[in-house]
Amino acid sequence: SITAQIAMDDLDAVTDEIWDSLFSVNVKGMFHCVKAVVPYMKKQQSGVIVNMGSVAGMTGIGSSIPYAATKSAIHTMTRSLAIALAPYIRVNSISPGAVDTRWWSGNKEKMYQLAGNLPLKRISAPDDIAEAILFQLTHESVTGQVFTIDNGQTL
């Protein structure tokens, strides 16, 4: 997944090249990865795909408008693929809020500022996201779902 850091109100900075680049990688790239593994999963008559979305795709707030739009597209694509690939392949998505990764190293204050109100008063750890993915992988009745892991950020 890629992004472009553009202020939400700076519409002039959002070029066609940025739109094309973000959609090519974040949406079309994910689709082509799914398309590549589906024949193998169909042959086994089982499989689980977990896509990576973002709370930006739910709230519209993120590093840029194109980024938020790509993440929303991933959430919808997850649901469409869950329908298209059932009953043997399940497709879900994780929609993380702020996650304390090395990407934020040295920028903790900005991370908390962007996260806004956090009712649980914490930022997710990578393990929080991994546990949600494991849940989606192991619960056979879960498909077409977008799990929001955000410590209440989107409330």
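The values are calculated or read from the model by the stated rules, or taken from the named source; none is laboratory data. Remember, it's a predicted structure, so these values are computed and weren't measured experimentally. Reconstructed Cβ throughout: ideal geometry from the backbone, glycine too, with neighbour counts over all protein chains shown. These area figures cover heavy atoms from the full protein model, side chains too; ligands, DNA and RNA do not enter into them. Shrake-Rupley method; radii C 1.70, N 1.55, O 1.52, S 1.80 Å.
What's the carbon and sulfur percent of segment 38-155's accessible surface, probe 1.4 angstrom, rounded to a whole number? Before the final figure, lay out each step's value.
Details: 3640 of 6540 Å².
Carbon and sulfur atoms account for 56 percent of the accessible area of segment 38-155.
Probing with 1.4 Å while keeping every protein chain in the model, the per residue accessible area of segment 70-111 equals 51 Å².
Note on segment 1-137: along the principal axes its Cα atoms extend 47, 37, 22 Å, ordered by decreasing extent. Counting only protein heavy atoms and using a 1.4 Å probe, the accessible area of residue 141 comes to about 110 Å².
Inter-label distance, residue 23 to residue 79: 2.0 nm, where each label sits 7 Å from its Cα along the C-beta direction. Estimated from the Cβ-Cβ distance and a Förster radius of 30 angstrom, the FRET efficiency linking residue 16 and residue 86 is about 0.25.
Which value, in debye to the nearest 20, gives the size of the charge dipole of the chain about its Cα centre, when Lys and Arg are +1 and Asp and Glu are -1 at the Cβ? Walk me through the numbers on the way to the answer.
Numbers: 12 positive and 13 negative charges, 125 e Å.
Using Cβ point charges on Lys, Arg, Asp and Glu, the chain gives about 600 debye.
Taking the C-alpha atoms only, the angle from helix 126-138 to the longest principal axis of the chain is near 20 degrees. With a ≥ b ≥ c the root eigenvalues of the C-alpha gyration tensor of segment 15-54, is it rounded (a/c under 1.5), prolate (a/b larger than b/c) or oblate? The shape class here is oblate. In degrees from 0 to 90, rounded to the nearest 10, what is the angle of the helix 30-44 Cα long axis to the longest principal axis of the chain? With rounding to tens, the tilt is 20 degrees.
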